[in-house]
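Some notes on the structure that comes next.
The values are calculated or read from the model by the stated rules, or taken from the named source; none is laboratory data. Predicted, not measured: the structure shown is a model, and the values here were computed from it. Cβ coordinates were reconstructed from backbone atoms using ideal geometry, including for glycine residues, and neighbour counts include every protein chain displayed. What goes into the accessible areas is simple: the full protein's heavy atoms, side chains included, and nothing from ligands, DNA or RNA. Shrake-Rupley method; radii C 1.70, N 1.55, O 1.52, S 1.80 Å.
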Amino acid sequence: MCILPCIYSKQIALLTVASDSTLTVVKTVSTSFFCRSISLLDSDTFLVGTWNHPKPVRTITIRGTEGELSNASFPNKTYGLGESTCTYIPSTKTMVLADWKDNAVYMCSTETSEYRKVTDDRIRCPHGVCGGPGGTVIVCCTGSFTIVQLSPQGDVMMEKSVGMMHPDAVSVSREGSHMVVSSSLTNNEKIKLFRLVCS
């Protein structure tokens, strides 16, 4: 199953992926807000990054029930399209929000409500975010054409060039062995696959 936010139509699509990579829409869920990013929060609830909405992070169930996060200490700020993305790291129960204009990554524990704003000279125009091996956070930095890996505590562990302009989205395989990075550069879109080596 694959989950896709329909960024212009206030919908979320649930799709199946066949062995030949054919996508089939199984169901669409309507929302009252525009979605930019989405990740699984629990068995039937998604964490959604919004745009053009005063709450940058919301929840929605597979049945379409919308909710707020009472323990999320993210800024109450309305982002434009492409100005923020969010994800959820299940192993550390941490919500992550990348703020493109502020050059910051916000991390918030769903257990303790502990909140951190992570800034560093190596975090420039952060865009796509995802969970990495060992509860780490992988951040695409469109301003430096790099990816940055953060520890579960928010410390910068590593910065690496990905050999493409404007890396926009990142995903790590379920077993943590590979990473895919894509570029949003108009007329020069790229997707690269990397093998992750754990030290």
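Quick one: dipole size for the chain, taken about the Cα centre, charges +1 on Lys/Arg Cβ and -1 on Asp/Glu Cβ, in debye to the nearest 20.
240
I need the phi-derived Karplus couplings for region 54-63: 6.51 cos²θ - 1.76 cosθ + 1.60, θ = phi - 60°, integer Hz, Gly and Pro marked x.
The phi angles translate into x, 9, x, 10, 9, 10, 8, 8, 5, 8 Hz.
Checking the cross-link filter: which lysines have an alpha carbon closer than 18 Å to that of K27, excluding same-chain neighbours under 8 positions apart?
Once the sequence-local lysines are set aside, what remains near K27 is K10.
I'd like the GluC sites (Glu not before Pro) in region 98-199 restricted to DSSP loop residues with at most 13 other Cβ atoms within 10 Å, sorted by number.
Passing both the DSSP loop test and the Cβ count: E111, E114, E175, E189.
Charges on Cβ only, +1 for Lys and Arg, -1 for Asp and Glu, centred on the Cα centroid of the chain; of G82, T22, S182, which one is farthest towards the dipole's positive end?
Highest projection toward the positive end goes to T22.
If you stretched the chain out fully between K160 and K77, how much longer would it get, using 0.36 nm times the residue separation minus the C-alpha to C-alpha distance?
26.9 nm
Which value, in debye to the nearest 20, gives the size of the charge dipole of region 1-76 about its Cα centre, when Lys and Arg are +1 and Asp and Glu are -1 at the Cβ?
For region 1-76, the charge dipole is close to 220 debye.
If I compute P(r) over Cα pairs in 5 Å bins from 0, in percent from the structure I just sent, which labelled value in [x] 1, 8, 16, 20, 22, 18, 11, 4, 0; [y] 1, 7, 13, 15, 12, 8, 7, 8, 8, 8, 6, 4, 1, 0, 0; [z] 1, 7, 15, 18, 18, 15, 10, 6, 4, 2, 1, 1, 0, 0, 0 lines up?
Step by step, P(r) over Cα pairs in 5 Å bins from 0, in percent for this structure corresponds to label [x].
Label T22 and S151 with points 7 Å out from Cα along Cα→Cβ: what is the distance between them in nm?
Label at T22, label at S151, 4.9 nm between them.
Would you mind computing, in nm to one decimal, how far apart the modelled labels at T45 and S177 are, each placed 7 Å from Cα along Cα→Cβ?
Computed distance between label sites T45 and S177 equals 3.4 nm.
Which loop-located GluC sites (Glu not before Pro) does region 1-106 contain, where loop means any DSSP state but H, G, I, E or B and the Cβ has at most 16 other Cβ atoms within 10 Å?
E68
Where the only charges are on Cβ atoms (+1 Lys, Arg; -1 Asp, Glu), what is the dipole of region 92-136 about its Cα centre, to the nearest 20 debye?
80
Under a cut-off of 28 Å between alpha-carbon atoms, report the lysines in cross-link reach of K117, not counting same-chain residues fewer than 8 places apart.
Correct list for K117: K55, K77, K93, K101, K160.
Once a ≥ b ≥ c are taken as the square roots of the eigenvalues of the Cα gyration tensor of region 95-199, is the result rounded (a/c under 1.5), prolate (a/b larger than b/c) or oblate (a/b not larger than b/c)?
It comes out oblate by the Cα gyration axes.
Along Cα→Cβ, 7 Å out, is where each label goes; now give me the distance between the ones at Y8 and R122 in nm to one decimal.
Here the answer is 3.7 nm between the modelled labels.
Loop-only check: which trypsin sites (Lys or Arg not before Pro) in region 14-104 are DSSP coil with at most 13 other Cβ within 10 angstrom?
R63, K101
Starting at the first residue of region 149-159, write each ³J(HN,Hα) from the Karplus equation 6.51 cos²θ - 1.76 cosθ + 1.60 with θ = phi - 60°, in whole Hz, x for Gly and Pro.
Per residue, the Karplus-derived 3J(HN,Hα) values read 9, 9, 6, x, 8, x, 8, 6, 9, 6, 10 Hz.
Please calculate how many Å² of accessible area region 103-164 carries per residue, with a 1.4 Å probe and no DNA, RNA or ligand atoms counted.
40
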